[in-house]
Amino acid sequence: MDAFLLQILNGLDKGSAYALIALGLTLIFGTLGVVNFAHGALFMIGAFCTVVLNSLFTLTKVTISATEKTPWGTPLEIHTPYVQLWFGDIGATMIDYSVFWSLLFAIPVMLIVGVAMERGLIKHFYKRPHADQILVTFGLAIVLQEIIKQIFGANPIPQPAPDAFVGSIDIGAMLGMAQNTVIYPIWRLIYFLFSAIVIGGVFAFLQYTTFGMVVRAGMADRETVGLLGINIDRRFTAMFGLAAVVTGLAGAMYTPILSPNYHMGMDFLVLCFVVVVVGGMGSLTGAVAAGFLLGILESFASMPAVKEFLLGFSIDQVIIYLVAVIILLVRPRGLMGRKGVMET
Amino acid sequence: MSNYKLNRRKFLKGSTVLGAGLVAPTIFTRSASAYTNEPGKGSVVLGFNVPQSGPYADEGADELRAYKLAVKHLNGEGDGGMMSTFSSQALNGTGILGRKVEYVTGDTQTKSDAARASARAMIEKDGAIMITGGSSSGVAIAVQSLCQDAGIIFMAGLTHSNDTTGKDKKANGFRHFFNAYMSAQALAPVLVEHYGADRKAYHLTADYTWGWTQEASMIQATEALGWKTVKTVRTPLSATDFSSYIAPVTNSGADVLILNHYGSNMVNSLTNAVQFGLKNKMVNGKQFEIVVPLYSRLMAQGAGDAVKGIFGSTNWHWSLKDAGSKAFVDSFGKEYGRPPSQAAQTCYAQTLLYADACQRAGSFNPCDVGAALEGFEFDGLGNGKTLYRAADHQCFKDVLVVKGKENPTSDFDLLEVVQITPVEKVIYEPDNPMFAGGSLGKCNPGV
Amino acid sequence: MLKTLRTNDTALMILFSLIVLAGPLILAPFGAGYPDLMQRFAIYGIFAIGFNILFGLTGYLSFGHAAFLGVGSYSAVWMLKLLSINIVPAIIFAVVVSGLFALLIGYISLRRSGIYFSILTLAFAQMSFNLAYSVLTPITNGENGLQVELDDPRILDSATGPGQLPVPSLFGMDMSSTSVVHFLGMDLQFNVGFYVSALILIAVFYLSLRIFRSPFGMILRAIKSNQTRLNYTGFNSRPYTLTAFVISGMYAGLAGALLVCMDPLAGPERMQWTASGEVVLMTILGGAGTLVGPVLGAGMIKYFENIFSRMNDVMVHDWFSALPGWLNDVLTNVISPFLGSGWQMSLGLIFMLVVIFLPGGLVEGANRIMNRVQRPSKSGPVSGPVDRTTTANSKES
């Protein structure tokens, strides 16, 4: 039972990351119809917003020691963070909570990145064949990740969670189970809550605002909306920006769980496409549902008991793809796909 | 570059069967050289094949720094580094056998295909006489067998799998780095000393060849000293989030978690394990412990605070105080403003060892160089007394057991050496079951 | 003369063959005239031509074609290990096995179209990759890659010399045999393996030309332009797409087999999604649906991967050695990020530039230039803005 509960939590946690990225991707891919291979790069840039902010906060005043030397022979440098120098303890707290600050930082950055990408590049590719979109966005993804590599190197850069959220809590005891059976890291619970809020926010935005209504109408029938005299292009730019922000936030919040590195975008890219397509093209709910479904199934597949049940076969190696195949064979358009979107 | 060809043994026989006119003009003259890529009078080309893209790009960059430094020293520039402390004084700063050392570089991408393509370009296009480098066992084994076929010496870079000098060993391949078995033999006694002999271990293992040899080695070494193995779980290479593998550990009854992971797998699994509070847990009345059998400084950097107090092993560390290490760290630090990594030290040492073997053999012929390396005993390259064993081309030297430092003073000062396990404790017979199967074959000079 | 090339298949075929066979001479000035890279050009050309038969003609975008390449490689190595070091049985076996594998995967995946089809093929390929890396290690030798070993049975071959591995050969001609000819100050390397690959490339290029021109090819193009309409006429298109899928899978298997014949090691990375993506990019970069485009695209990507990645700052310094020191340093610093470890950056930029400025790929770009040359200043009906999807279909060369 406790093992089961733990894997549900793990699944929800993994799923919330998948769902967030897939939500961003499906806004671009499932609704604007652009095969965006640079989507992983957006996730990565989001994560590196945290790295940048953290290193800004910990930007240090360097004084070179006159007498002491490092063990490898160069003069010793003494580092003091400016933030701490200027603000004292408050500065230290700021550094500690830099992940949250970086969310505020990531929103404008991602908005700019997203809008620039759409206006500067993607806009010209709406009517081009998917093949061209693949090539241009793949090229863009490579360039973006290489730039990050040139600046930050290839090694993962650890981003600690704020001290208050480091460690884990005993959920089992809270639910009246035996102590120390279901212990779960606090940050992962926060991530889950965070993603629930963001997902809810995006849905509410599209459901209850006029803007969202127009966008949804545009997804359904772009031409008619255009004929009604509504500038759908501008809304689509805004959509792209929104998608970039959602994805970037997913990346920024994920950094304490996964130390960011320059190729993390590519690592997630294929998975996101699978999630979106399994959810069904053109369906936001489908993408979110598929994200959580695959996350939970992936967690269960990694349980030793499951592997033993399957006579030692490492089902966790293939579970995502296996589930994708089964779902797509049983349901032709994924979980909730709309007819006619990206079907030819 | 002189005329050469990789292999023509069966050509004449075959041409009578098919008629050679079909394929190419029959101007296959017997080349004058005695072995592949025999260097001319002026210079000799070495091939540095390191990961420059992909997850190990930083490790590759450090390897490349070390190679460039080694070339400088061989050509008599700079302060000479470990050349002055090396027990064999055959090298004199005039290149190798009087020829200036030049080099070419390539990108392995940490993929066996790309690594072999890059190595073949070095052999076929640039006339490299020796290939070295790499940051994973799959690549090392792939390039090693290529060099065997082509008649080139391969000086392995970072490769830790038992197979490299075990079932996939090759006569033209040489490994300076230690291996999974030696890690386990060095680590187990220290673990027992610190954590007691009554421990139950849970293994998380990267699901590929290196992971398996590491797991088998650790199980054997720890069980011999009284530990029990509760469970071994394999994790996919592509995993980025290990929570679903870590979570079951808490209730398994185990009180030690051994992470047979490397690279970003290790960074993520260790970070996850610490997040799940495993470091502060009490099980069976004992403090729960985590062990990472193979450490590298770059990984420690990636894992951040999570490495504090965690035991592991490493081939070399810049904080060593012997004359060789100090000379190398000094020289490297002056050149690049940072201390070298263990990969850099291995690559530097391999280059010097190769150059020295040529010098002693008086020839670049791979068979002569191989013979000069086989059974060669040396000192002063940072690892103390070392033997290049003839039977499997593995170096035997002391192994460092290290621990994540509690109060690091810089980005580079993350590990502290707990114990230097003497070579007698980690050496094994060449027919040890973990290394059995496969044979060196005969050295191949090409042509 | 240029115009005839676009209309006359015989002329195209002859020119293509001449260029391929003169590979060592043409590539040597670009630093690419060494056996390994020339072999790779030819082999990946085969792979991309095969992929183009599926994608270029039917429009079905398979994102898992590397699986067939990998399966071809593994089966070929097994033949080299078990049966004979002669490459003929290895190639035949690999083509058959990958064809069967493609039949299986195609049969399942072609039940869906569009992106759903792409993801199905991707899923199968990723499963193959993950399993080959771990669970299937007894067959694939996992991370270390499957190699020819000293103690392999090789039942058809007589024993080789002790302690030496045999080299894959064609009736006694070693694939690695190379003869060097000095010509105009260059070393031209004529390699048996390259010529074997080149002849096969020419043969499969001819085959693809025939397919493009055949009624079967017309049907495939009809499927691309409007499958629904085709289905409404009572025409069952599935057998045709499946045939195209299997053919292109066999091409991939052939390419995989040739890879291990030239270099007898099969690693699992060959099946990873990045490898599948690579062939997609090759085809699009060169021009999907065109005959020579995929070969050009393959050459371009492999050139960047193998030549740009091997340039280091010392080399760059040498290029500008004639310039004053400071200028040399500045130029070196500007260019270095795009070479050596930054080769992927250059590749990414090339992708973007090509698709922005040469929509339709390299071949389309060449077509435009030819149109310019032939009709200076006057924009005739051919060179005018035409809907790209139809131009890609009507102009194949």
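One residue alone among A:G218, A:G226, A:G265, A:G241 is within 10 Å of the chain's Cα centre (by Cα) and part of a helix (DSSP H, G or I), and that residue is A:G265.
Restrict the check to segment C:115-135 and report whether at least one residue is at pLDDT below 90, among the hydroxyl-bearing types (S, T, Y) and closer than 19 Å to B:A150 by Cα. Among the residues of segment C:115-135, not one is at pLDDT below 90, among the hydroxyl-bearing types (S, T, Y) and closer than 19 Å to B:A150 by Cα, which makes the answer no. When B:G226 is tested against (1) under 23 Å from the mean Cα position of the chain (by Cα); (2) part of a loop (DSSP other than H, G, I, E, B); (3) more than 9 Å from chain A (Cβ to nearest Cβ), just one condition goes unmet, and that condition is (1). Would you confirm whether or not segment A:9-16 contains a residue that is surrounded by fewer than 24 Cβ atoms within 10 Å (Cβ to Cβ), modelled with pLDDT of 85 or more, closer than 19 Å to A:F292 by Cα and over 16 Å from the mean Cα position of the chain (by Cα)? Checked segment A:9-16: at least one residue is surrounded by fewer than 24 Cβ atoms within 10 Å (Cβ to Cβ), modelled with pLDDT of 85 or more, closer than 19 Å to A:F292 by Cα and over 16 Å from the mean Cα position of the chain (by Cα).
Beta carbons closer than 7 Å, at least 6 apart along the sequence or on distinct chains, pair a first residue in segment A:208-219 that is within 14 Å of A:R234 (Cα to Cα) with a second that is surrounded by 12 or more Cβ atoms within 10 Å (Cβ to Cβ) and modelled with pLDDT of 85 or more for A:G212/A:F205; A:G212/A:L206; A:V215/A:L206; A:V215/A:M239; A:R216/A:L206. The requirement of being under 23 Å from the mean Cα position of the chain (by Cα) and more than 14 Å from every other protein chain (Cβ to nearest Cβ) is not satisfied by B:T105.
Among the residues of this structure, A:V275 counts as one that is modelled with pLDDT of 90 or more and closer than 22 Å to A:G340 by Cβ. Against the numbered list (1) more than 27 Å from A:C272 (Cα to Cα); (2) crowded, with 22+ Cβ neighbours inside 10 Å, C:I247 comes up short only at (2). Exactly one residue out of B:L320, B:L298 is outside any helix (DSSP H, G or I) and not basic (K, R), and it is B:L320.
Taking segment A:113-162 as the search range and keeping residues that are polar (S, T, N, Q) and part of a helix (DSSP H, G or I), which one is nearest to the other protein chains (Cβ to nearest Cβ)? Looking at the filtered set, the residue picked out is A:Q150. Any residue that is basic (K, R) and assigned to a helix (DSSP H, G or I) - is there at least one of those in segment C:79-88? Within segment C:79-88 (the criterion being basic (K, R) and assigned to a helix (DSSP H, G or I)), the answer is yes, since at least one residue qualifies.
Summed over segment C:283-320, the residues that are without any contact (Cβ under 8 Å) to a residue 24 or more places away in the chain and not in a helix (DSSP H, G or I) give a count of 1. Per the listing A:T50, A:T63, A:T80, the residue uniquely closer than 28 Å to A:V246 by Cα and either assigned to a helix (DSSP H, G or I) or touching a strand residue (DSSP E or B) at 6+ places or on another chain (Cβ under 8 Å) (or both) is A:T50. For segment A:143-164, the tally of residues that are among the hydrophobic types (A, V, I, L, M, F, W, C) and in contact with a Phe, Trp or Tyr (Cβ under 7 Å, 6 or more places away or on another chain) stands at 4. Of the residues making up segment A:317-329, at least one is among the hydroxyl-bearing types (S, T, Y), more than 30 Å from A:R216 (Cβ to Cβ), at the interface with chain C (Cβ under 10 Å from one of its Cβ atoms) and crowded, with 23+ Cβ neighbours inside 10 Å.
Scanning segment C:159-195 for residues that are aliphatic (A, V, I, L, M), touching a strand residue (DSSP E or B) at 6+ places or on another chain (Cβ under 6 Å) and facing chain B (nearest Cβ under 8 Å) returns C:V167, C:V180, C:V181, C:V192. Checked against the criterion of being within 14 Å of another protein chain (Cβ to nearest Cβ) and in contact with a Phe, Trp or Tyr (Cβ under 6 Å, 6 or more places away or on another chain), the candidates B:G437, B:G380, B:G446 yield just one match: B:G446. The set of residues in segment B:158-171 being in contact with a Phe, Trp or Tyr (Cβ under 9 Å, 6 or more places away or on another chain) and within 19 Å of B:G211 (Cβ to Cβ) consists of B:L158, B:T159, B:H160, B:S161, B:N162, B:D163, B:T164, B:T165, B:G166, B:K167. Residue pairs whose Cβ atoms lie under 7 Å apart, separated by 6 or more positions or on different chains, with the first residue in segment C:98-109 and more than 15 Å from C:L69 (Cβ to Cβ) and the second of a type in the set (S, T, Y) and buried (at least 16 other Cβ atoms within 10 Å of the Cβ), are C:S109/C:T121. Does segment A:303-312 hold any residues that are free of Cβ contacts under 8 Å to residues at least 24 places away in the same chain and at the interface with another protein chain (Cβ under 7 Å from one of its Cβ atoms), and which are they? Within segment A:303-312, just A:P304 meets the criteria.
Here the helices (runs of 4 or more DSSP H) wholly within segment C:189-233 that include at least 1 residues being buried (at least 22 other Cβ atoms within 10 Å of the Cβ) are C:192-213, C:215-225. Looking at segment A:302-336, which of its residues are touching a Lys or Arg at 6+ places or on another chain (Cβ under 8 Å) and of a type in the set (G, A, S)? Once the filter is applied, which keeps residues that are touching a Lys or Arg at 6+ places or on another chain (Cβ under 8 Å) and of a type in the set (G, A, S), segment A:302-336 yields only A:S314. State whether one or more residues within segment C:139-155 are over 23 Å from the mean Cα position of the chain (by Cα) and either within 7 Å of chain A (Cβ to nearest Cβ) or more than 30 Å from B:Q148 (Cα to Cα) (or both). The answer is no; no qualifying residue exists. Taken across segment A:185-205, residues that are within 27 Å of A:I112 (Cα to Cα), assigned to a loop (DSSP other than H, G, I, E, B) and over 19 Å from the mean Cα position of the chain (by Cα) do not occur at all. Which of the residues spanning segment B:62-98 are in contact with a Ser or Thr (Cβ under 7 Å, 6 or more places away or on another chain) and of a type outside the set (D, E, K, R)? Those that are in contact with a Ser or Thr (Cβ under 7 Å, 6 or more places away or on another chain) and of a type outside the set (D, E, K, R): B:L64, B:Y67, B:L69, B:A70, B:G76, B:G78, B:G81. Please work out if C:F320 is buried (at least 17 other Cβ atoms within 10 Å of the Cβ) and touching a helix residue (DSSP H, G or I) at 6+ places or on another chain (Cβ under 8 Å). Spelling it out, it is not the case that C:F320 is buried (at least 17 other Cβ atoms within 10 Å of the Cβ) and touching a helix residue (DSSP H, G or I) at 6+ places or on another chain (Cβ under 8 Å).
Scanning segment A:165-183 for residues that are among the hydrophobic types (A, V, I, L, M, F, W, C) and either modelled with pLDDT of 80 or more or assigned to a loop (DSSP other than H, G, I, E, B) (or both) yields A:F165, A:V166, A:I169, A:L175, A:M177, A:A178, A:V182, A:I183.
Out of all the residues in segment B:247-271, which are facing chain A (nearest Cβ under 9 Å) and farther than 19 Å from B:Y295 by Cα? Those that are facing chain A (nearest Cβ under 9 Å) and farther than 19 Å from B:Y295 by Cα: B:A247, B:P248, B:T250, B:N251, B:S252.
Somewhere in segment C:115-134, is a residue free of Cβ contacts under 8 Å to residues at least 40 places away in the same chain, surrounded by fewer than 19 Cβ atoms within 10 Å (Cβ to Cβ) and within 13 Å of chain B (Cβ to nearest Cβ)? For segment C:115-134, residues free of Cβ contacts under 8 Å to residues at least 40 places away in the same chain, surrounded by fewer than 19 Cβ atoms within 10 Å (Cβ to Cβ) and within 13 Å of chain B (Cβ to nearest Cβ): absent.
The values are calculated or read from the model by the stated rules, or taken from the named source; none is laboratory data. It should be emphasised that the depicted structure is a prediction, and the values quoted were computed from it without experimental measurement. Positions of Cβ are backbone-derived with ideal geometry, glycine not excepted, and every protein chain shown enters the neighbour counts.
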